[in-house]
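The values are calculated or read from the model by the stated rules, or taken from the named source; none is laboratory data. Note that the structure is a prediction, hence the values are computed from the model and not measured. Glycine gets a Cβ as well: all are built from the backbone with ideal geometry, and neighbour counts include every protein chain shown.
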Amino acid sequence: MWGRPRSVNLVDTPEMDALFERIDRLNDAELLGLRAAWHAIDRDAHQAAWDAVRNVGVRDGLTMEIRRIRDRALDWSARGDPRVVYQGRDVAREQARLDAGEVLVDIALATGLGDRLDGQSRDTLIGPWLRITATDD
């Protein structure tokens, strides 16, 4: 009861698992759409959102968890889909995954940090995901 506070784990949560299960089901066009939607974000708004992420990390002692979220998203974009056996390499799929890495980091951070982020920053980071998945059930 007394002693060191229990650490926070933002990576291994049901919300993050559900997010990555949905990400696993994205097709190449959706991955490319995410990237395009991410490029459409106002750069100043994006920078302000990242400043908010860093501030939350420092304020709440979550810098290592933010790094772990980032690493999980980048690991996903760098690996092949384990459910698909390719007859050779699917270079287009691999490139779509790699290109989506940065936007997936933003989406995962918005999900992992949740209401620790202010609404505007969270909306900026998760906006491309909401636009691409708006018609999903």
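Restricting attention to the range 3-61 and to residues that are out of contact with any Ser or Thr (no Cβ under 9 Å at 6 or more places or on another chain) and of a type in the set (F, W, Y), the residue that is surrounded by the most Cβ atoms within 10 Å (Cβ to Cβ) turns out to be W38.
Screening L130, L113 for residues that are closer than 21 Å to I41 by Cα and at pLDDT below 95 leaves exactly one candidate, L130. A search for C-beta distances below 7 Å between a residue of the range 125-137 that is over 22 Å from A48 (Cα atoms) and any residue that is of a type in the set (K, R) and modelled with pLDDT under 90, counting only pairs 6+ apart in sequence or on different chains, returns nothing.
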